[in-house]
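Have a look at the structure below before the remarks.
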Amino acid sequence: MRAILDTHVFLWWIANDKRLSKASRQVIERAGTEIFFSAASAWEIAVKCKLGKLELPTSPETFVSSQLAKNNFSSLPITISHALRVYTLEGSHRDPFDLMLIAQSAVERMPIITADPQFEQFAIEIIW
């Protein structure tokens, strides 16, 4: 199985946050599951740190790269097909980071692990 983490799920996983659902934890922990972290989430973390809306123990670059290695998560770059898929998404959502994650989920045919109820309006598989 392959799955994409929403940004908050990545942060909750690292913090061992109780808001992370049991089903999500099981998927992330399951042997043989390849977990992807999108460049869109890295971008979101960098923007939120820059704006003072998110504090990390180290720079975003150091934090994200070390956590990807520590947790054996794979990076998912943003491709032109991902970017263009945003145009054809059926649903209304204005967050550019979320729209990219949704488009990546659709193009790559991977479920996304998220607690965000706004993702439910799109034709993608959600794990929560």
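Where a number appears in this text, it was derived from the coordinates with a stated rule and is not lab data. Bear in mind the structure is a predicted one, so any value in this text is a computation, not a measurement. Every residue, glycine as well, gets a Cβ built from its backbone with ideal geometry; the counts of neighbours run over all protein chains shown.
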Quiz prompt | Cα centroid separation, region 1-44 to region 63-128 (Å) | solution = 12
Practice problem: Compute the distance in nm between two label points, each set 7 Å from the Cα along the Cα-to-Cβ direction, one at Glu34 and one at Asn72. | Solution: 1.4
Practice problem: Using a cut-off of 14 Å between beta-carbons, work out the net charge of the residues near Ile124 (Lys and Arg +1, Asp and Glu -1, Ile124 not included). | Solution: -4
Quiz item: Which of the trypsin sites (Lys or Arg not before Pro) found in region 49-128 are in a DSSP loop and have at most 11 neighbouring Cβ atoms, other than their own, within 10 Å?
Solution: Lys53, Arg94, Arg109
Practice problem: Determine the dipole magnitude for the chain: charges of +1 sit on the beta-carbon of Lys and Arg, -1 on that of Asp and Glu, nothing else is charged, the reference point is the Cα centre, and the result goes in debye to the nearest 20. | Solution: 240
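When only C-alpha pairs under 8 Å and at least 6 residues apart count, what is the relative contact order of the chain, in percent?
31
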Quiz item: Sequence-distant or interchain residues sharing an amide H contact under 5 Å with Ser75, placed H: which?
Solution: Phe37
Practice problem: Using label points projected 7 Å from each Cα along Cα→Cβ, tell me how many nm separate Cys49 and Gln26, to one decimal. | Solution: 3.4
Practice problem: Mind running the shape call on region 1-113? Use the C-alpha gyration tensor, a ≥ b ≥ c as the square roots of the eigenvalues: rounded below 1.5 for a/c, prolate if a/b tops b/c, oblate otherwise. | Solution: oblate
Quiz item: Considering only DSSP states other than H, G, I, E and B, which chymotrypsin sites (Phe, Trp or Tyr not before Pro) in region 1-88 qualify as loop sites with at most 14 other Cβ atoms within 10 Å?
Solution: none
